[in-house]
Structures are given as C-alpha cells and as structure tokens.
Amino acid sequence: MIAIIGAGPAGLAAAKVAAESNSEVIVLDSAPRPGGQYWRHRDYVQGYKSHRASGYLDSIIGSKNVTYIHGAQVWSATRGKGAITLNYLHEGSEKSITVEKLILTTGAYDRSLPFAGWELPGSMTPGAAQALLKGHGVIGGKKILVSGTGPFLLPVAVGLAEAGADVLGIIEAHSPLRWLRSPIALILNPQKALELLYYLRKIRKYSLKVYFGSAVIGFNGSKAILSKVKSNLESKGKVTEIECDVVAAGWGFNPDVTLGGILGCNQKVDRDGTVIFSVDSEQRSSQQNIWIAGEATGIGGADLALAEGEIAARSALNDSIPLSLKFKRFRLRLFATALQRSYPVGNGWQGWIKPETKICRCEEVSHSEICQSVTELSAQDSRTSKLFTRAGMGLCQGRVCSRNVSEIIAGENGCKVTDQERISYSNRPIAAPISLGVLADGINSQ
Amino acid sequence: MSHIGNNPDAIVIGAGIVGACSALSLTNAGLKVMIIDRGTVASGTTGAGEGNILVSDKDPGPELTLALRSRDLWFEMQEDVGDTFELEAKGGVVVARNDDSKLMALAKVQSANGVTAQVVNSKELHQLEPYLHPEISSGVFYPQDAQCQPMLAAAKIIQTVIARGGSLVSQSKVLGFDIKDGAVIGVNTTTGKYSAPIVINAAGTWAGEIAALAGSNLPVAPRRGFILVTEPAPQYIFHKVYDSDYVANVASSDADLQTSTVVEGTRSGTILIGASRERVGFDGSMNYEILRRLAQQAVSLFPVLRDVQLLRAYRGFRPYAPDHLPLIGEDYAIRGLWHSAGHEGAGIGLAPGSAALITDSILGRNSFMDATPFSPKRFAGVSV
Amino acid sequence: MSKFAEREVTFTFNGETFKGVEGQSIAAALMATGVRELRKTRFDGKPRLIFCGIGICFDCVVVIDGVANQRACLVEISDGAKIESQK
C-alpha cells in the first residue's frame, strides 16, 4: 500500500496518478476538506485557474482504490523493515497504518515577520485572510491592507476585493524590476505572464493600490504604519499612516518538514534560508520508499507541486516519467529560483521592532528578553535562548517564531545562523499535539 | 594555537551545573577559574533535566549526606549569586499504589538520617494533591524537596564567576592534556592551549571521554531518559509527585528500560512527565512506545491529565556510574586532574555539595563530609 | 465539490448566543459577527484573534465544551457548542 500525506496540489496530483493505477492508496489529510492551503475551496470563490482543483478532487473521491481520510492528523511515524508506520489522530482516537511506500506532501505555511503591534487582533497572515474567505466565506475585517512580499499577495488581495472587501492596498516590499535578473525563467514560463496579466486586470478592475518598496512596520489595531524599505527590508525612515483594521502580512513560506524529519529524511537549507528535503530526480528522499513532493522540497507554488506530485507517484508506482514532465518541473524550478531572487527577505525587519514587541507570540517573549539571553546569559543559539526565555516553547512549538528568534540571536552575536541550527529549529519529535489520554489508550485499529 | 596571557589557576571542563558550581566554589576560594565547554552554557544534560533537588529518593548513606548539605548550599548560593534561578522548595510527594511497606520503611530510616519525611493519611494526601487518583491512599510528604531552573542557574552562576575574574570559553572541545611528570599542566582544545596546574573534569555524561584523553579510566556511561512536556494547563499538580517505584528504579543497575511515574507542574503552566531509564548508549532516537508508557502511568496517577495535550518530548543522557555514586576527587593516576562527574539523575541537586567537596579537597581543607566514598580511585583498574 | 448547504448553526461564546453557517470554523463564524477578541493572553492579558488561520500558530485557542486549547480556526461550529475564552 502507498500512503500519501496531504491533499494539497502535490498530494492530489500524486493521488490522481495512483488512482489511475491498480495500487491501493490511502490519502491522509489533516484538513476537513481536500485542496490544501491553496485550493481550499468554496464554489463561489474563484481565482486564477481554480477550476483545476475539481478535476483532482473527483479523481480521489470517486476512485475505488483510493481511500481518502480527512481530519487525520499524523502525529508520529516510525520506520521498520520495509514498512513505514504512521500514527494518526482521527475522530478523537489514535489510529495507525503500516504501508510499504509513502509520499509526503506536507506543504508550507506563511512566514511571518514581527513588527510593532503584530500581536494585536487584526494582524494576520495572508493565508489566514484567504482561509477565512475561501474556507469559511468570511472577510476578516472592514479595511484591509495586504503586505509583505511575493506573488501570493496578489491572489489574496484580489480574492478579498472580489468578495467585496475594502482592500486599501497591496504593500510589496520589492520592486518588480528585480524580475529582470531572471530572464531565462521568464522566457521558459510564459504561462506565468498570463497569470500576472489576469491579476493585473483584476487589480485595475477593483482599483487596488499597489505600493512597491514599502512595508507595514507597525500597527495599533486601527492604523498601520507604512514605511519605504530598502531591499534588505530596512526602513528608510519615511513613514505614512493608513487607517485599517486588518493587516495581512506574509513574507514567503516555511515548508512543513516535521514528519519527514521524524522519519529521518535528509534535509538541507535552501538559498532563501528555508529548510527543505533533499530529493533526487524522481522526488525520492534519502530514506528508502519515501518520496517527497511540493513545497517541502522547495517553495515553488501549486504548478511545481503538481508536477512533483505526479513524478513522485509515477516513481513510487514504477511507472515511466515522461521527459516532458521532467522538463516542466525543470522550468518551474527555475521560476521558483527566480521568485527567491525577486522577493528576498533580508534582516532589515529587526529594525522595525521595539524592545517590548513579542517575538514569541505563544509564550509572550519580547525582543528585549531574547537580547538579554545573549548579553547576560551567554546564549549563542536559539536552543539555548529558548531554554532561558521560553521563546518557541509554547503551543505552536516555535513554528512561527523560531526562525526569527535565530536571526535575532545571530544578529546579536554578530554571526550568521548555521545550517545545523536551521535544521534543528525546523524539526520536532511530535508532529501534532496528542492528548495524554488518547496516547495512553493506545492504537485503535481500524 | 593561541595562548591566553592571563593564565588561570584552574580550568573547569564543562559549563553544566556541576562545572558552574565547581567554578564558583573555586572562585570564592580565591582562584582564577576558566570554564571551557565544547558547546555553550548548559548544552548537555543540565539543559535536559527538570531541575530536581531531591532528598526523598535517597537511601541513607554518603549520597544522602551529600544531598542534604547540597540542598542547603543551593539556598546559600542563591544569596551569593543574587538570583532566584526559580529555586523553590515545592516539596515532594511519594505515593504507593499497592504495597506501601517499602515506602514506609524508607521514610523511617530517612527520618532517622536527617530527612523530613512525613507519612500522610489518605485525607492529607488528597489535600496535598487534590487531583490525585482517588484510590491512591498512601504516601509520604518530603517538604525539603526543591526544584530550580537548571539552565538559568548554570548561566547565572557562570556570569558571577566571570564577574569575579573568571572566564568562559565556549565552543571549545578538549583534544588532549599536557602532562608532565605525572601531573597535568594544561589542556589542548580546538580554541587553543590553556595552562593551569588544576583541571576539573565536569563533563557529565562525557566525562569518561575526557578522562580517556588523559589516559585515565572513568566508568561513566549514558543512561537515557525521556521527558514529556504538555501544553500549559491549569494547576493540577502542586508538588513533585512520584511513584515509590521511582526510588527502586533510580537505584537499579539494569540496562533495560524502566519507567516510573514522576509528574510535576512548572511555573509556565506546562506539566513535565518522566521518568524512563535505559542504557542504550548515546542513541538519540525517539521511542514512541516509551512516551506511551509514560503517558499511561501519568494518567493513572492523575486522571485529570487525560485531556491535557502532549506538546513535545525530549531526551537526555544521565551520567551513570556503575555503583550509582558520583565520582568526586583527584584522578588515581594523574595529579592535578580532578573529576566531578557521574551524578546520574541527581546532578542538579548534588552540584553545590560536590563543588564544596572538590574545592576543599583541592585546598586540603576539612570538608562537611568524608569524600572517600566518591573517590574515582575506587575504579582504578576497572575497565569501562 | 458540492456547494455547502447553508444550514444555520447556533452556539454560545462566553455565554452569548451566536449563529453561523454549517462548515464554518468557530473563528470565522465569530469574526463574521464582528468579534475581535477570542481570548486574552496568559501573562500580559492582551487580546488575541486569529493569526495564521490554518492551525499552525495556536493564537486562536478557546475552550470548547470544557476542553481548553482548541484551535478556533480549525474546529467547525456545531449546534449547542459552548465556547469560552481562555486566559
């Protein structure tokens, strides 16, 4: 049996290939509905080519050899001889499944940068604004600013505007001229120009303002402070205020590498500082019979995830992989590299925060406390600082803050965050919280 | 290789709690101390512990004498350093689930040897721990049991050493020793060569490897333990609560897995659950079946914990000595090389007492107890 | 995928009755009515709403029928659910 973890674009693409074979496939997804973060879906919310999702969904829901289990959260996994066991939480109890092959498509979540007031109600990630809208039909506030960097800001802002939200602006930290540094990626991906055109038309239709070279560096719940920023995100000092009740700020993505990490799949640090898995040309991880596809092998968007998911499934099924598919992945990876070049996240944000700004939202650890752990307690890495200050020890287990904490500590120590530390803070032994009672009761076999 | 100009009087290897306390004690005796660590402050076993300062889990004997003195020294050190390290005499509650005769016998001999051990009846027990399983009716309360935040303590103590003229060299791995005429004269490390006539090996679980670099034999081996950490919860647990099996497991030499229940709350609201013991070398892999066993034992003691979520688990390696006594004293072959290691799971509690013993021995002073039972010489000729 | 049946669901939040649409998360249903605070933080008592919206950050945790630390952005509303802010 083959298990696919995740039902976003990569997982669905893998499932679609598997559905067309005769193999027994199980898809485990933590969300109540398939589609992942990008294709979370309500019929009345449209986006660029969002109709593609339904083709994939039909193939897994209607297929005889595919079992799709939603609301299944894998919390731990182990490898045995020729078998992989996945322990997951489903409908209040723990279940377990043992498979021969595993395709991991665990996706990514928004990367956030702290700024003064980012803890307040109304400050959220673009993913949150989008999830509220697409998943639940709710607009997060009355006056919305979408801020950060990268092309993902466009579908969020446009989606909100289409749903009737008052989107005051798209605040993009970088200049679009940075794209001129990646001509080959652009030439090989003309379809991306069409996508951009689609959004530009919508931006004009809804008269959305786009501010380039700017960022929201402060928020008080009813007003955002907008600053011109340098390419490393350092504030140029020139600020304006905009009245708004929602700031949806996102700075790229953090891949979710927890489960593959538990299973011992080799990881590396991508050029943008994210921790990703090392995979070969067929999406095989360093561990036998484990394939990884999508954002967890490098942030690249839904199209790349679809190609990788298909390649992974074909490889797992010992099917041939068409050259055209490999070329598609090649050109989309080039595009992904161009994205990293065009929308880098420098450390200038460290100048936006105030001593009292909470860096760890869960345990409410401020910037000054983290700095003190370095100056007064000799902390040299995030692990040590974490044990002193509790930053990263709360409910989210550092998923939101640990990267920022590491950058702050490295900055205080005048050095760079090592790859070893990045891999260390990206991994945790328990992939999802489990109640002690459920853990104590043991596996409830299906 | 650089040579530090201001030569220290003593070098302490290891910036864990044992090293930190040794350095402070020597500093207060007038020596200039340099602490070196291959990582940073408390990056080994100290950073993986719960901060136990216990007298309740010890049978009468030299370790109990050391533990009692050490516990008082913790409170004195708090004054000296001027920080709380979250030190708190929270008290321990030991419960017996079935047969309580062993626990009662232990409490009796402990009481005769300076431990405050109050046998409590069922009503008193449930007043101490209202969420304890209603069927558990027998226990002993140990008001002297205390807890601190060990990393914070190590860091604050080392800051004090530095403020009093000492130094800390992090990311410095010991490569070998300079030995002349059977006496240590310095240490070679990845950050340079340091000279001192006194070197203290406080490398905890890794003390055996350090001793081997000097050609000496110190039988310290890792004994792995897992700790479960829950989400922040309301205060369900008021003391350090453990099962009477714990005492037997601590004292056991069995290499196989043993688990006993130890449950306690922390200031941040999380609940810590232990304790497993197994001798599997430095195997850092997660064992989910051990986590499950620990969870089962915890919810059987405190049913209210069933709805509390497990957030993370971590493991540490206790420095295990074959006879469960720490190794404190001069090396049996090399003069000037002193060891303070092998405290197993009691290193936090025993650190200040061990530091006082080693300082007194180095200076040839009388100490609060005879250090002979802890002498590394007892293992002379024994291979690891 | 078929369109959600727009069935109304009634639940309480801090004792007050709210209505939402079946399939909506607790956070979404409350935010749709203008709620801007789901809880106060443990140490500083500061208000929090949702942040990541997808179950990663745990900022939106609430007490659902007595069980604490449940993510309001993930758990869907159900008839008669009793939801409370946690401190």
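The number of residues in segment C:1-43 being part of a loop (DSSP other than H, G, I, E, B), facing chain A (nearest Cβ under 10 Å) and either in contact (Cβ under 8 Å) with a residue 40 or more places away in the chain or not acidic (Asp, Glu) (or both) comes to 15.
Of all the listed residues (B:Val169, B:Val199), the sole one being over 30 Å from B:Ile273 (Cβ atoms), more than 14 Å from every other protein chain (Cβ to nearest Cβ) and more than 20 Å from the chain's Cα centre (by Cα) is B:Val199. Give me the residue from segment A:374-388 that is over 26 Å from the mean Cα position of the chain (by Cα) and touching a residue at least 24 places away in the same chain (Cβ under 8 Å) and, out of that set, nearest to the other protein chains (Cβ to nearest Cβ). Among them, the one singled out is A:Gln380. Scanning segment B:306-342 for residues that are under 19 Å from the mean Cα position of the chain (by Cα), among the charged types (D, E, K, R) and part of a loop (DSSP other than H, G, I, E, B) turns up just one, B:Asp323.
Under the condition of being within 9 Å of chain C (Cβ to nearest Cβ), among the hydroxyl-bearing types (Ser, Thr, Tyr) and in contact with a Phe, Trp or Tyr (Cβ under 6 Å, 6 or more places away or on another chain), the residues counted in segment A:111-162 number 1.
The set of residues in segment A:342-359 that are crowded, with 22+ Cβ neighbours inside 10 Å and touching a helix residue (DSSP H, G or I) at 6+ places or on another chain (Cβ under 7 Å) comprises A:Ile353, A:Ile359. Among the residues of segment A:327-369, those that are among the polar types (S, T, N, Q) and in contact (Cβ under 8 Å) with a residue 24 or more places away in the chain comprise A:Thr337, A:Gln340, A:Ser342, A:Asn347, A:Gln350, A:Thr357. Hey, among A:Lys228, A:Lys223, which residue is modelled with pLDDT of 95 or more and over 25 Å from A:Gly140 (Cα atoms)? Answer to the selection: A:Lys228. On inspection, C:Phe58 fails the criterion of being in contact (Cβ under 8 Å) with a residue 12 or more places away in the chain, crowded, with 17+ Cβ neighbours inside 10 Å and either over 24 Å from A:Pro126 (Cα atoms) or more than 9 Å from every other protein chain (Cβ to nearest Cβ) (or both).
Of all residues in segment B:267-282, those that are within 13 Å of chain A (Cβ to nearest Cβ) have Cβ atoms under 9 Å from Cβ atoms of residues that are surrounded by fewer than 24 Cβ atoms within 10 Å (Cβ to Cβ) and of a type in the set (Lys, Arg), 6 or more apart or on another chain, in B:Ser268/A:Arg390; B:Ser268/C:Arg42; B:Gly269/C:Arg42. Taking segment A:357-373, which residues are acidic (Asp, Glu) and either within 9 Å of chain B (Cβ to nearest Cβ) or farther than 23 Å from B:Phe85 by Cα (or both)? If the condition is that a residue be acidic (Asp, Glu) and either within 9 Å of chain B (Cβ to nearest Cβ) or farther than 23 Å from B:Phe85 by Cα (or both), then A:Glu363 is the only one that fits. Consider A:Ser426 carefully, then state whether it is of a type in the set (Ser, Thr, Tyr), more than 11 Å from chain B (Cβ to nearest Cβ) and within 30 Å of A:Glu91 (Cα to Cα). Yes; evaluated as a whole, the condition is true for this residue. Taken over segment B:283-299, the criterion of being more than 8 Å from chain A (Cβ to nearest Cβ), farther than 21 Å from A:Leu86 by Cβ and small (Gly, Ala, Ser) is satisfied by B:Gly284 alone. Where helices (runs of 4 or more DSSP H) sit wholly within segment B:1-119, those with at least 1 residues that are without any contact (Cβ under 8 Å) to a residue 60 or more places away in the chain occupy B:62-81, B:101-111. Please tell me if A:Glu421 is touching a residue at least 24 places away in the same chain (Cβ under 8 Å), assigned to a helix (DSSP H, G or I), closer than 22 Å to B:Ser285 by Cα and not basic (Lys, Arg). Yes: the conditions hold for A:Glu421.
Within 24 Å of B:Ser285 (Cα to Cα), touching a residue at least 12 places away in the same chain (Cβ under 8 Å), within 12 Å of chain B (Cβ to nearest Cβ) and assigned to a loop (DSSP other than H, G, I, E, B): is that true of A:Gln397 in this structure? Spelling it out, A:Gln397 is indeed within 24 Å of B:Ser285 (Cα to Cα), touching a residue at least 12 places away in the same chain (Cβ under 8 Å), within 12 Å of chain B (Cβ to nearest Cβ) and assigned to a loop (DSSP other than H, G, I, E, B).
Going by the conditions given, is A:Glu421 more than 30 Å from A:Asp29 (Cα to Cα) and away from chain B (no Cβ under 11 Å)? So A:Glu421 does not fit the description; no. Contact annotation: residue pairs with Cβ atoms under 6 Å, 6 or more positions apart or on different chains, pairing a residue in segment B:333-345 that is within 16 Å of B:Thr372 (Cβ to Cβ) with a partner that is among the small types (Gly, Ala, Ser), are B:Ser340/B:Ser22; B:Ser340/B:Ala202; B:Ser340/B:Ser354; B:Gly342/B:Ala321. Within segment B:341-377, the set of residues being charged (D, E, K, R), buried (at least 17 other Cβ atoms within 10 Å of the Cβ) and more than 18 Å from B:Ser25 (Cα to Cα) comprises B:Glu344 only.
If only residues of segment B:208-235 that are in contact (Cβ under 8 Å) with a residue 40 or more places away in the chain and among the polar types (S, T, N, Q) are counted, the one that is surrounded by the fewest Cβ atoms within 10 Å (Cβ to Cβ) is B:Asn217.
Yes or no, residue by residue, for (1) at pLDDT 95 or above; (2) in a helix (DSSP H, G or I); (3) surrounded by fewer than 22 Cβ atoms within 10 Å (Cβ to Cβ):
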position: B:Arg267; (1), (2), (3): no, no, yes
position: B:Ile273; (1), (2), (3): yes, no, no
position: B:Arg277; (1), (2), (3): no, no, no
position: B:Val280; (1), (2), (3): no, no, yes
position: B:Gly284; (1), (2), (3): no, no, yes
position: B:Glu289; (1), (2), (3): no, yes, yes
position: B:Ala295; (1), (2), (3): yes, yes, no
position: B:Val299; (1), (2), (3): yes, yes, no
position: B:Val304; (1), (2), (3): yes, yes, yes
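Answer yes or no: is there a residue in segment B:246-257 that is more than 9 Å from chain A (Cβ to nearest Cβ) and among the charged types (D, E, K, R). There is at least one residue in segment B:246-257 that is more than 9 Å from chain A (Cβ to nearest Cβ) and among the charged types (D, E, K, R). Checked against (1) in contact (Cβ under 8 Å) with a residue 24 or more places away in the chain; (2) aliphatic (A, V, I, L, M); (3) assigned to a loop (DSSP other than H, G, I, E, B), A:Val138 passes all but a single condition, namely (1).
Take segment B:170-201 and flag every residue that is within 24 Å of A:Lys386 (Cα to Cα) and modelled with pLDDT of 95 or more. Passing the criteria: B:Ser172, B:Lys173. Residues that are closer than 20 Å to B:Ala346 by Cα and hydrophobic (A, V, I, L, M, F, W, C) within segment B:68-94 comprise B:Leu68, B:Leu73, B:Trp74, B:Phe75, B:Met77, B:Phe85, B:Leu87, B:Ala89, B:Val93, B:Val94, listed in sequence order. Taking the criterion of being within 25 Å of the chain's Cα centre (by Cα) and hydroxyl-bearing (Ser, Thr, Tyr), the only residue of segment B:172-191 that qualifies is B:Ser172. Counting only strands (runs of 3 or more DSSP E) that sit completely within segment B:146-264, those holding 2 or more residues that are small (Gly, Ala, Ser) correspond to B:183-189, B:192-195, B:221-230. Against the conditions (1) facing chain B (nearest Cβ under 7 Å); (2) within 16 Å of B:Leu152 (Cβ to Cβ), A:Ile434 satisfies every one except (2).
The values are calculated or read from the model by the stated rules, or taken from the named source; none is laboratory data. These numbers come from a predicted model, not from an experiment. Methodologically, a virtual Cβ is constructed for each residue, glycine included, from the backbone with ideal geometry; neighbour enumeration extends over all protein chains shown.
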